[in-house]
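Structure first, commentary second.
What follows draws every value from the coordinates through simple rules; no lab data is involved. This is a predicted model, so every value here is computed, not measured. No Cβ is skipped: glycine too gets one built from the backbone with ideal geometry, and neighbour counts run over all protein chains shown.
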Amino acid sequence: MPRTAILIGQPELCRRLEEQLDLLTDRPKTIGWIVTGVIPAQNINQSGCQFLGSVDQLEDSIEKHQPELALICLPAAMNQQVVSIRTRLRKMGVPDRYMPTLEDQLEGVGPRTQIEIDPSELIERAPRQIDEAAIRSVIENKIVLITGAAGSIVSELARICATYDPKRILFMDRSENALFEIDRQIARLHPNLERKAILHDIVEAEETRRLFHKHLPQVIFHTAAHKHVPMMEDHPGAAVDNNFFGTKAVADAAHASRAERFVMISTDKAVNPSSIMGATKRLAEQYVQFVNQERISETAFSIVRFGNVLGSSGSVLETWSQQIALGGPLTVTDERMTRYFMTIPEAASLVIQSAALVDETADHGEVFLLDMGDPVNILDLSKRYISMHGLEPWVRTSTGENPASGHLEIVITGARPGEKLHESLAYDAEAMRPTRHGDINIWRLAPPDRRYIEEVLNRLNPQMRPTDPQILSDLIRSLIPEMAAPIAA
């Protein structure tokens, strides 16, 4: 048991905790109290302990008295201050324990380990309008298949689809745990909805086609993809297999099984791609357009392209949440970097909305561009995120500096392989036109010709392509003339 402790919180709650500690046979010695609000005039409190200062002076008090443990005595309703104090303590390497009040214990409530940040509030976005009748026309009484059950957007896609009375929902993924979890979630929310979890890797083209013929999905949302930019720089073969050949397998199976709609989820990183991930997504887009153009198909093919989804698995908020729980610092790759952002509910609802808009066009194969608003500076976003946790952001400008009390440091780490400073949703030369939905535009571009697609298929064939990652990366770049150079210093 630690030998010394500091109590932090409201004076009355600290007093109560002292009484509880006195019941222990080997209690830690209380150095003093650090209190919220105004410090009482007397220096010694009723328990004979010293008032060490206010919470604003936390760092100074900790440095002076060097406690082995900090005990936080605040009501659960003050969660933001609890998280802020714990973050500051962990930054200084001081173990802490939250001591719930008797009232909170009776109510069965306690503080969250993290403040729940509303992503829409963080990026200052108003909710998007949804045409419910149009979505119902796509989903109601249809067999819906979603690939990539491990993705964060899938649970929201499934939740929305389930609301509009589909005949059945099929989840397809190669991750057993992710598949089990999404199936469990939907079973709990919609116990009467028919559903099936299919453990399968879409890259296995023949088995993908067999499963489509067996289950006959009518509406397909293809979300499965490798998405981490730096990792795909090191594993270009995996990016090609999953993002390009996986998309080919699902698109071919949709055509062969006469599905009604196929919607590929793409990314702004496919525009003038600088990364292998973006390049393979661009190749996948081109294949979908090719299939739509070259084949007389009963399937309406389309692509939905959008930027980063806040709160999704692997997103910047997930990283920052983990960093702030450890006391910081938060990391930002480049102070100039901007990105388009939207929330998970926005992305999922507009993806389904886009599927309904396919009916407006005669020959399909469009890329639907979601209105992402203005690009957001990542450094500014990190500062807002820190402020929403009750702390002050601080960026080091010279060596030897240290953040002041109540400040959390932001470290500029430098861009990672394959990253760009700024993303775009469409090429400058591409013509876009509006749809009847104000948040969705259509981009139309002539599909690639057969010779180009055949060249891509032959040269990237797993049996024929280079095995060396660098040579394969160079080959991918040679197949996409518009690939942008990696980020410049």
> Net charge near residue 461, counting Lys/Arg +1 and Asp/Glu -1 over other residues with Cβ under 14 Å of its Cβ?
Replying inline: 0
> What are the residues whose amide H is under 5 Å from the amide H of residue 419, where those residues sit 5 or more places off or on another chain and H is modelled from the backbone?
Replying inline: 487
> With charges only on Cβ, +1 for K and R and -1 for D and E, what is the dipole size of the chain about its Cα centre, in debye, rounded to 20?
Replying inline: 640 debye
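Could you rank the peptides 367-375, 196-204 by their average count of other C-beta atoms within 10 Å per residue, with the highest value first?
Output ranking for 367-375, 196-204: 367-375, 196-204.
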>> Tell me the net charge near residue 166. Cut-off is 11 Å between Cβ atoms, residue 166 excluded, with +1 for each Lys or Arg and -1 for each Asp or Glu.
In response: +2
> Using 1/(1 + (r/R0)^6) with R0 = 56 angstrom and r between the beta carbons of residue 15 and residue 167, what's the FRET efficiency to the nearest 0.05?
Replying inline: 0.35
>> How big is the range 172-228 along each principal axis, measuring the range of its Cα positions in Å and listing the largest first?
In response: 32, 31, 18
>> Taking every alpha carbon pair in the range 252-403, what does the distance histogram look like in 10 angstrom bins from 0, in percent?
In response: 10, 31, 28, 17, 10, 4, 1
>> Could you sort the peptides 349-357, 90-98 by per-residue average Cβ neighbour count (10 Å cutoff), highest mean leading?
In response: 349-357, 90-98
> How big is D for the range 58-148, in µm² s⁻¹ as a whole number, if Stokes-Einstein is applied with the Kirkwood radius of its Cα pairs at 4 °C and 1.567 mPa s?
Replying inline: 74 µm²/s
>> For the range 4-107, give me the percentage of DSSP beta bridges that are antiparallel, rounded to the nearest 5 percent.
In response: 5 percent
>> For a quick check: with amide H placed at 1.01 Å from N, whose amide H comes under 5 Å from residue 53's, ignoring anything fewer than 5 positions away on the same chain?
In response: 35
>> Assuming 0.36 nm per residue, please report the length gained on full extension of the stretch residue 433 to residue 133 beyond their Cα-Cα distance.
In response: 105.7 nm
> With labels modelled as points extended 7 Å from the Cα through the Cβ direction, what inter-label distance (nm, one decimal) is found for residue 97 paired with residue 25?
Replying inline: 1.7 nm
>> Give me, ordered by chain and number, the residues 5 or more places off residue 197 or on other chains with an amide H under 5 Å from its own placed amide H.
In response: 171
> Sorted by packing (mean other beta-carbon atoms within 10 Å per residue), highest first, where do 328-341, 271-284, 455-468, 57-70 land?
Replying inline: 271-284, 328-341, 57-70, 455-468
> How far apart, in nm, are the 7 Å Cα→Cβ label points at residue 187 and residue 50?
Replying inline: 6.0 nm
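Got a sec? How would 228, 190 order by Cβ neighbour count within 10 Å, fewest to most?
With the sparsest Cβ surroundings first, the list reads 228, 190.
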>> From zero outward in steps of 5 Å, how is the percent of C-alpha pairs of the range 4-107 spread across the bins?
In response: 2, 13, 26, 27, 20, 10, 2, 0
>> Please compute the Kirkwood hydrodynamic radius of the range 183-323 from all pairs of different C-alpha atoms, in Å with one decimal.
In response: 16.3 Å
>> Suppose only helical runs count, i.e. DSSP H with n ≥ 4. What mean residue ellipticity at 222 nm does that imply for the chain under -39500 (n - 2.57) per run, divided by all residues and rounded to the nearest 500 deg cm²/dmol?
In response: -11000 deg cm²/dmol
> Can you give me the Cα centroid spacing of the range 67-111 and the range 314-359 in angstrom?
Replying inline: 29 Å
> Percent antiparallel among DSSP beta bridges with both residues in the chain, to the nearest 5?
Replying inline: 15 percent
>> Let me check I've understood the local charge: for residue 474, count other residues with C-beta under 12 angstrom from its C-beta, Lys and Arg +1, Asp and Glu -1. What total comes out?
In response: +2
> How large is the dipole of the range 4-107 about the Cα centre if only Lys and Arg carry +1 and Asp and Glu carry -1, each at its Cβ, rounded to the nearest 20 debye?
Replying inline: 260 debye
> Which FRET efficiency value, to the nearest 0.05, is calculated for residue 210 and residue 396 with the Förster distance at 45 angstrom and r the Cβ-Cβ distance?
Replying inline: 0.20
